[in-house]
Amino acid sequence: MKLRKLPDKEKDIRNIGNAPEEELEYDPSNVITCENLVKIYKTKDTEVVALQGLDLDIKYGEMMALIGNSGSGKSTLLNMIGGLDRPSAGKLIVNGVDLLRIKQSEVTNYKKNTVGFVWQNNARNLIPYLSARQNVELPMVLAGRGNYRKRSGDLLRLVGLEDRMNNRLRELSGGEQQRVAIAIAMANEPKIILADEPTGAVDTSTATQIFKALRKLNEETGVTVIIVTHDRGVAKRVDRVVAISDGKTSSEFIRKRSYSEELEELDRMSGVEDSDTHEELVVIDRHGRLKLPEEYMETIGVGNNSRIKVDLDGEKIVIYKQPEDME
Ligand SMILES: Nc1ncnc2c1ncn2[C@@H]1O[C@H](COP(=O)(O)OP(=O)(O)OP(=O)(O)O)[C@@H](O)[C@H]1O
Ligand SMILES: [Mg+2]
């Protein structure tokens with residue numbers, strides 16, 4: 001099901017017996033639009049609310065990271081975007097496809113054309129006795145795609161494996177195998193690469209190689225890349241980091257300068273990499289609510305459900321603890 005911004009007349013037809021018309025609207029420069037996205041896992045006697053009203057827009061061609069504590073809903077979000085599982089409520093539109101209303105029969109096509117997955121431990125999905133190149137060609141052959149010989153070579157070059165293409169997979173290191181997996185994720189020209197902790201199982205220098213391969217694909221093909229990571233080193237290298245807390249977006253970290261400017265500076269400073277690269281922004285949701293950073297609340301001595309005083313001071317909003325004598 002492809003959705004475009006429809007002319008009014010068509011909208012009326014589209015919406016007969018359907019949800020209100022504004023639900024079909026989205027910004028076409030977004031590859032992903034999430035609004036008030038909810039996912040509830042129901043088991044026999046429990047319900048887990050994994051996403052509770054998450055809002056997030058991602059533009060075509062972005063390379064961004066998702067961070068958050070274990071259990072905060074990062075993999076759940078990736079699985080919804082990847083069509084592996086269905087959202088429970090809200091809005092999720094990916095590359096023009098409404099994933100709350102997609103028909104089951106359309107899901108396979110959606111997955112094949114829209115997303116490529118990279119997991120923490122991809123080697124288990126690769127075939128050890130085939131060469132790197134044959135592993136990359138396999139999904140293209142299965143999809144009936146012509147020209148796979150050239151494309152497998154191009155992709156392996158992009159991820160920096162031009163010299164290892166003809167080695168069997170079992171002759172490659174973990175990091176090299178992970179880069180083969182990245183080339184495979186790109187095989188059928190997806191719009192989005194979803195990488196769930198792709199550097200979770202490797203050392204720092206291997207993590208850097210994997211990250212560089214993703215960056216190069218993003219820069220050279222324009223594919224959107226979303227990386228879930230606990231690795232601060234990786235998070236520091238992307239332009240936007242979105243933090244999820246309890247199934248909602250809580251804050252964003254935006255790079256202060258461009259990545260290339262920063263690399264130049266690093267060269268000058270001979271590799272000191274711990275300067276503060278990102279600034280944290282708190283996100284105000286569409287109901288005007290915001291989540292205050294916990295350490296700020298602790299510092300002024302307020303907790304959840306406290307009443308606080310809010311003043312406008314010129315162009316600033318100042319938050320105070322309610323003085324005791326006013327309680
Ligand atoms: N298939 C499932 N059935 C039931 N509950 C689930 C399922 N998948 C995830 N959950 C629950 O949903 C919540 C979010 O899980 P999710 O895997 O998205 O977290 P995460 O942020 O990826 O965590 P981690 O960093 O540990 O990978 C957790 O409470 C988890 O237990
Ligand atoms: Mg996870």
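Here are the numbers for the structure shown:
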read-out: Test: residue in region 176-194 that is under 27 Å from Y60 (Cβ atoms) and within 16 Å of ligand 1 (Cβ to nearest atom); value: yes
read-out: Residue within region 96-118 that is charged (D, E, K, R), closer than 16 Å to Q209 by Cβ and either in contact with a Gly (Cβ under 8 Å, 6 or more places away or on another chain) or away from ligand 1 (no atom under 16 Å from the Cβ) (or both) present; value: no
read-out: Residues located in region 39-56, provided they are assigned to a strand (DSSP E or B) and either surrounded by fewer than 17 Cβ atoms within 10 Å (Cβ to Cβ) or within 12 Å of ligand 1 (Cβ to nearest atom) (or both); value: K39, I40, Y41, K42, E47, V48, V49, A50, L51, Q52, L54
read-out: Options L78, L66, L84; residue that is within 13 Å of ligand 1 (Cβ to nearest atom) and part of a helix (DSSP H, G or I); value: L78
read-out: Selection from region 49-91 of residues that are touching a helix residue (DSSP H, G or I) at 6+ places or on another chain (Cβ under 6 Å) and within 16 Å of K191 (Cβ to Cβ); value: M63, G83
read-out: Cβ-Cβ under 6 Å pairs, at least 6 apart or on other chains, region 313-327 side hydrophobic (A, V, I, L, M, F, W, C), far side exposed (fewer than 10 other Cβ atoms within 10 Å of the Cβ) and modelled with pLDDT of 80 or more; value: V318/D311; I319/V310
read-out: Residues of region 166-208 classified as over 21 Å from T114 (Cβ atoms) and surrounded by fewer than 18 Cβ atoms within 10 Å (Cβ to Cβ), total; value: 14
read-out: Test: E327 is at pLDDT 80 or above and acidic (D, E); value: no
read-out: Which numbered condition G144 fails, given (1) on the phi < 0 side of the Ramachandran plot; (2) assigned to a loop (DSSP other than H, G, I, E, B); value: (1)
read-out: Verdict on M140 being more than 19 Å from N188 (Cβ to Cβ), buried (at least 17 other Cβ atoms within 10 Å of the Cβ) and either within 12 Å of the chain's Cα centre (by Cα) or not aromatic (F, W, Y) (or both); value: no
read-out: Residue in region 122-133 that is surrounded by 15 or more Cβ atoms within 10 Å (Cβ to Cβ), in contact (Cβ under 8 Å) with a residue 24 or more places away in the chain and within 17 Å of P190 (Cβ to Cβ) present; value: yes
read-out: Leading residue by the ranking (surrounded by the fewest Cβ atoms within 10 Å (Cβ to Cβ)) among those in region 71-116 that are among the basic types (K, R) and in contact (Cβ under 8 Å) with a residue 60 or more places away in the chain; value: K103
read-out: Subset of region 216-239 [touching a Phe, Trp or Tyr at 6+ places or on another chain (Cβ under 7 Å) and not in a helix (DSSP H, G or I)]; value: T224, D239
read-out: Residue that is at pLDDT 95 or above and not assigned by TED's automatic domain parsing to the domain that holds I244, where the choices are V115, V94; value: V94
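The values are calculated or read from the model by the stated rules, or taken from the named source; none is laboratory data. All values derive from a computational prediction rather than experimental measurement. Positions of Cβ are backbone-derived with ideal geometry, glycine not excepted, and every protein chain shown enters the neighbour counts.
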